[in-house]
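**Q** I am attaching a structure below and will ask some questions about it afterwards.
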Amino acid sequence: MGLSDMLPGPSDPFWITLLYKMLATAALVVSVSMLVERVGPFLGAMVATLPISAGPALVFVAMDRGPAFLEASARAGLPAFAGTAVFAVVYALLAQRRRTLISVGGSLAAWLVATLLIQSREWSLGAALALHGIVFGTALRVTRPYRRAAPVVRATRRSWDVPFRAAIVMALVATVLVAGRLLGPRTAGTIAVAPMVFASVGLVLQPRVGGALPAAMMANGLLGLIGLVVALAFLSVSATALGAATSLSLALLICVLWNLLLIGARRLRR
């Protein structure tokens, strides 16, 4: 079977869904990058760590393959999601002194190595959650000095700035989703939790304002990603029993409530 046999035909709704997700994710990432410049890295991180990329990817999986495939994808994606914490840590360290391509490229390389190592074995739910406890606990400790960034000096916008940001994100989303279409639930789940939003924000924001601000966003984002870990764990045991629509809605609610709790806790501390 060749590649043309595995890809959907021109009339397949996959291409319409792909276009929608490319446009929607690009709009969201560009909005997040602008938001970070205006309101700071913490609130920007709370938006960025909502299921902007993983959510649409998992909805597409459920629509295309059904709740059993969704559950299997979430089960595979849960341990792999620890790789996103690795990405955030490496980016926060590199972005302090390195240029954009080195910062993002080095972080993606670290994410890929971590993900391949994680996926080289099978994980039970308990073992996957223990893995996240170790990885996120270490990541939060390492990135603590980078959670605050100096106020941004607003950079001059160029006419091609926003279209260029959108084009980068759309190309990344298309690559990830087409690759996921060709492969099974294990790879689909891993791809769904790839750090697309973090990588895209780094690519579009660091050239404008330097590395400290997006690094602070990702350091704060580690807190928000904990909600996504819980949501994935919930999906991995509930999609078949509750149905795709109900389980996805409750998983989204978990993410939203967790980030609202973090915002409320921050305001109380102040």
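The values are calculated or read from the model by the stated rules, or taken from the named source; none is laboratory data. Predicted model, so just to flag it, every value in this text is computed and none were measured. Cβ: placed from backbone, ideal geometry, glycine included. Neighbour counts: every protein chain shown.
**Q** Any residue in the stretch 181-191 that is in contact with a Lys or Arg (Cβ under 8 Å, 6 or more places away or on another chain), in a helix (DSSP H, G or I), modelled with pLDDT of 90 or more and buried (at least 17 other Cβ atoms within 10 Å of the Cβ)?
**A** Checked the stretch 181-191: no residue is in contact with a Lys or Arg (Cβ under 8 Å, 6 or more places away or on another chain), in a helix (DSSP H, G or I), modelled with pLDDT of 90 or more and buried (at least 17 other Cβ atoms within 10 Å of the Cβ).
**Q** Now for a different question. Could you pull out the residue among L225, L257 that is crowded, with 23+ Cβ neighbours inside 10 Å and either at pLDDT 90 or above or not in a helix (DSSP H, G or I) (or both)? Break it down stepwise before answering.
**A** Working: L257 fails: crowded, with 23+ Cβ neighbours inside 10 Å.
From the options L225, L257, the qualifying one is L225.
**Q** Kindly state which helices (runs of 4 or more DSSP H) lie completely within the stretch 33-101 and contain at least 2 residues that are modelled with pLDDT of 80 or more and under 16 Å from the mean Cα position of the chain (by Cα).
**A** Details: elements: 41-48, 54-65, 67-80, 82-94.
It comes to 41-48, 67-80, 82-94.
**Q** Please specify each residue of the stretch 260-270 satisfying the condition of being in a helix (DSSP H, G or I) and without any contact (Cβ under 8 Å) to a residue 40 or more places away in the chain.
**A** Quick first cut of the stretch 260-270, residues in a helix (DSSP H, G or I) only: 260-269.
Selection gives L260, L261, G264, A265, R267, L268, R269.
**Q** Could you tell me how many of the residues in the stretch 106-120 are in contact with a helix residue (DSSP H, G or I) (Cβ under 7 Å, 6 or more places away or on another chain) and farther than 18 Å from Q96 by Cα? Full working, then the answer.
**A** Within the stretch 106-120, the first condition is being in contact with a helix residue (DSSP H, G or I) (Cβ under 7 Å, 6 or more places away or on another chain), and the residues that meet it are 106-108, 110-111, 114-115, 118-119.
Now drop any that are not farther than 18 Å from Q96 by Cα, which leaves 111, 114-115, 118-119.
Number of matching residues: 5.
**Q** Within the stretch 228-247, take every residue that is under 20 Å from L260 (Cα atoms) and without any contact (Cβ under 8 Å) to a residue 60 or more places away in the chain and give me the one that is surrounded by the fewest Cβ atoms within 10 Å (Cβ to Cβ).
**A** Selected residue: V230.
**Q** Here's a follow-up. Between A174, A130, A139, A167, which is surrounded by 12 or more Cβ atoms within 10 Å (Cβ to Cβ), modelled with pLDDT of 65 or more and closer than 28 Å to R65 by Cα? Lay out the reasoning, then the answer.
**A** On the way: A130 fails: closer than 28 Å to R65 by Cα; A139 fails: closer than 28 Å to R65 by Cα; A167 fails: closer than 28 Å to R65 by Cα.
Of A174, A130, A139, A167, the one residue that is surrounded by 12 or more Cβ atoms within 10 Å (Cβ to Cβ), modelled with pLDDT of 65 or more and closer than 28 Å to R65 by Cα is A174.
**Q** Select from the stretch 109-146 the residues that are closer than 21 Å to S236 by Cα, touching a residue at least 60 places away in the same chain (Cβ under 8 Å) and in a helix (DSSP H, G or I) and list them in ascending order.
**A** Matches in the stretch 109-146: T115, L125, A128, L129, H132, F136.
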